[in-house]
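The values are calculated or read from the model by the stated rules, or taken from the named source; none is laboratory data. Just so we're clear, the structure is a prediction, and the values are computed from it rather than from any experiment. Quick reminder, even Gly has a Cβ in these numbers, built from the backbone with ideal geometry, and neighbours come from all protein chains shown. Areas reflect the complete protein model, heavy atoms only, side chains present, ligands, DNA and RNA absent. Shrake-Rupley method; radii C 1.70, N 1.55, O 1.52, S 1.80 Å.
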Amino acid sequence: QQPVQSPQAVILREGEDAVINCSSSKALYSVHWYRQKHGEAPVFLMILLKGGEQKGHEKISASFNEKKQQSSLYLTASQLSYSGTYFCGIRQGGSEKLVFGKGTKLTVNP
Amino acid sequence: NAGVMQNPRHLVRRRGQEARLRCSPMKGHSHVYWYRQLPEEGLKFMVYLQKENIIDESGMPKERFSAEFPKEGPSILRIQQVVRGDSAAYFCASSPQRVKGTQYFGPGTRLLVL
């Protein structure tokens, strides 16, 4: 079942912060975050495997709350290069495939 | 280390023709996934293959679509008798391992059916 991402879109000024949420109605095995720029391939950001896990990648970090079946992506001090559509992909137990949300479009303006 | 390669990058077909999309996984990766993306939408899983085996084809339309990953050569996604609704971006991803493996995406093939 497709995870629900929120918000659908967000507009920031350079240097501002944003949080993107990903929720599932079913138990999650792992959560995968990608960023896609228009006309390009999705680029892997990070994978979260355990409940309560947090990971960081420069100024982008994420948390995974297994109990709540949700993950959040945190972008701090946003840069122009952060613009794009962010997708969460979830893997449920017993399945290899990723089920992606509809995406959150992030626009960072100067 | 070359990433996932897909070709062609753009493909135009007339209704009723066949489309063949190729995907070469990253070196050392033996797991291949195909996804379809419609404009302004997320990625929809189609099929998961390992060398010479289809592991999960739950996302493949029952007719006209097939996929293979032979012992030698790239993975092929084949669409027979294309219709306008097949127009989309088709992405291939590869992974070095099951379950915990990160999937790395290729640049995609944009299929346009006239």
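One table, with the values for the structure above:
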| quantity | calculated |
| --- | --- |
| Test: residue in region B:36-55 that is away from chain A (no Cβ under 14 Å) and part of a strand (DSSP E or B) | no |
| Unique residue being surrounded by 13 or more Cβ atoms within 10 Å (Cβ to Cβ), within 14 Å of chain B (Cβ to nearest Cβ), modelled with pLDDT of 95 or more and under 17 Å from residue B:105 (Cβ atoms) when the list is A:84, A:89 | A:84 |
| Residue match in region B:32-42 (condition: among the acidic types (Asp, Glu) and closer than 26 Å to residue A:3 by Cβ) | yes |
| Selection count where residues are buried (at least 20 other Cβ atoms within 10 Å of the Cβ), more than 10 Å from the chain's Cα centre (by Cα) and at the interface with chain B (Cβ under 9 Å from one of its Cβ atoms), scope region A:1-45 | 4 |
| Residue in region A:63-80 that is surrounded by fewer than 20 Cβ atoms within 10 Å (Cβ to Cβ) and either under 24 Å from residue B:5 (Cα atoms) or of a type in the set (Phe, Trp, Tyr) (or both) present | yes |
| Criterion violated by residue B:8 - all others in (1) within 14 Å of another protein chain (Cβ to nearest Cβ); (2) surrounded by fewer than 16 Cβ atoms within 10 Å (Cβ to Cβ); (3) under 15 Å from the mean Cα position of the chain (by Cα) satisfied | (1) |
| Pairs, first more than 20 Å from residue A:59 (Cα to Cα) in region A:2-26, second among the hydrophobic types (A, V, I, L, M, F, W, C) and open to solvent by 20 Å² or more (accessible area, probe 1.4 Å), C-beta under 7 Å, six or more apart | A:2/A:99; A:3/A:99; A:23/A:4 |
| Candidates B:58, B:30, B:75, B:66 - the one that is open to solvent by 10 Å² or more (accessible area, probe 1.4 Å), among the hydroxyl-bearing types (Ser, Thr, Tyr) and either under 11 Å from the mean Cα position of the chain (by Cα) or away from chain A (no Cβ under 14 Å) (or both) | B:66 |
| Residue count for region B:12-36, restricted to those that are touching a Lys or Arg at 6+ places or on another chain (Cβ under 7 Å) and either farther than 19 Å from residue B:69 by Cα or aliphatic (A, V, I, L, M) (or both) | 2 |
